[in-house]
1. Cβ-Cβ under 7 Å, sequence separation 6+ or interchain: first residue in the range 132-151 and over 11 Å from Cys103 (Cβ atoms), partner among the basic types (Lys, Arg). Which pairs?
2. If Val21 satisfies all but one of (1) under 14 Å from the mean Cα position of the chain (by Cα); (2) more than 26 Å from Leu140 (Cβ to Cβ); (3) among the β-branched types (Val, Ile, Thr), what's the number of the condition it fails?
3. Can you tell me which residue is surrounded by the fewest Cβ atoms within 10 Å (Cβ to Cβ) among those in the range 5-48 that are free of Cβ contacts under 8 Å to residues at least 12 places away in the same chain and over 30 Å from Asp77 (Cα atoms)?
4. Given the conditions (1) open to solvent by 70 Å² or more (accessible area, probe 1.4 Å); (2) touching a residue at least 60 places away in the same chain (Cβ under 8 Å); (3) closer than 26 Å to Pro4 by Cα; (4) hydroxyl-bearing (Ser, Thr, Tyr), which single one is not true for Thr94?
5. Do we find that Ala118 is within 22 Å of Arg14 (Cβ to Cβ) and among the small types (Gly, Ala, Ser) in this structure?
6. Applying the selection to the range 36-63, what residues are within 15 Å of the chain's Cα centre (by Cα) and of a type in the set (D, E, K, R)?
7. Of the conditions (1) open to solvent by 50 Å² or more (accessible area, probe 1.4 Å); (2) modelled with pLDDT of 95 or more; (3) out of contact with any strand residue (DSSP E or B) (no Cβ under 6 Å at 6 or more places or on another chain); (4) not in a helix (DSSP H, G or I), Asn146 fails just one. Which one is it?
8. Filter the range 114-127 for residues that are open to solvent by 10 Å² or more (accessible area, probe 1.4 Å) and part of a strand (DSSP E or B) and give the result.
Amino acid sequence: MAAPYDTQTYLLDRANVHDTVIKLTMNLDLRSFDGLVKEVYAPQVVIDYTSMFGGKPMETTNEEWAKSLEPMMAGFDAMQHIVMGLLIKLPQPTNGVARPDKCTVIANVTGHLFRRAARGGPMMHNGGRYVLDLERFPELEKKGENPWRITVHKTDAIWEDGSSDVMTSVSSIGH
């Protein structure tokens, strides 16, 4: 029989989901591609940056996605992504509600990207929303780890300001 979905479990799940989303941007900025594989993305992931770069969503593995990011992120001299206002969609722990294996997060995100050699200036600022689907992996939980991993990472661009030349290293995403 499954463990009850109580308030303590609900709060722990919310905290773990929050941490996974924060680790996404932190590991990107620190260029910790190993961290993206081990702490953020599920083994199979859908990446969707179509609102920024066109193309189509990519179905890939966490390792292939992280590997593809290495040369792209190397194109920036510095970057800082800030994720805030996380709306974590988990059911409330009421009688009869089973503990969820999946959830969705909608969050605001801004990116501040710096490339010294960019034509038109070294800075690009952009903002939008993440729409993230996460799944709970019980085998990670049994090892005492945060069990929540991102299975779908969609970025919806809303605004940008600065030199578009800063973004040339990442413009191939989805193509």
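1. Close Cβ pairs (under 7 Å, with a partner that is among the basic types (Lys, Arg)) amount to Phe137/Arg149; Pro147/Arg136.
2. Among (1) under 14 Å from the mean Cα position of the chain (by Cα); (2) more than 26 Å from Leu140 (Cβ to Cβ); (3) among the β-branched types (Val, Ile, Thr), the lone unmet condition for Val21 is (2).
3. Selected residue: Gln8.
4. (2)
5. No.
6. If the condition is that a residue be within 15 Å of the chain's Cα centre (by Cα) and of a type in the set (D, E, K, R), then Lys38, Glu39, Asp48, Glu59, Glu63 are the ones that fit.
7. (1)
8. Phe114, Met123, His125, Asn126
The values are calculated or read from the model by the stated rules, or taken from the named source; none is laboratory data. All of these numbers come straight from a predicted model, not from anything done at the bench. Cβ atoms come from the backbone with ideal geometry, glycine included; neighbour counts cover every protein chain shown. For the accessible areas, the whole protein counts, side chains as well, though only heavy atoms, and no ligand, DNA or RNA atoms are used. Shrake-Rupley method; radii C 1.70, N 1.55, O 1.52, S 1.80 Å.
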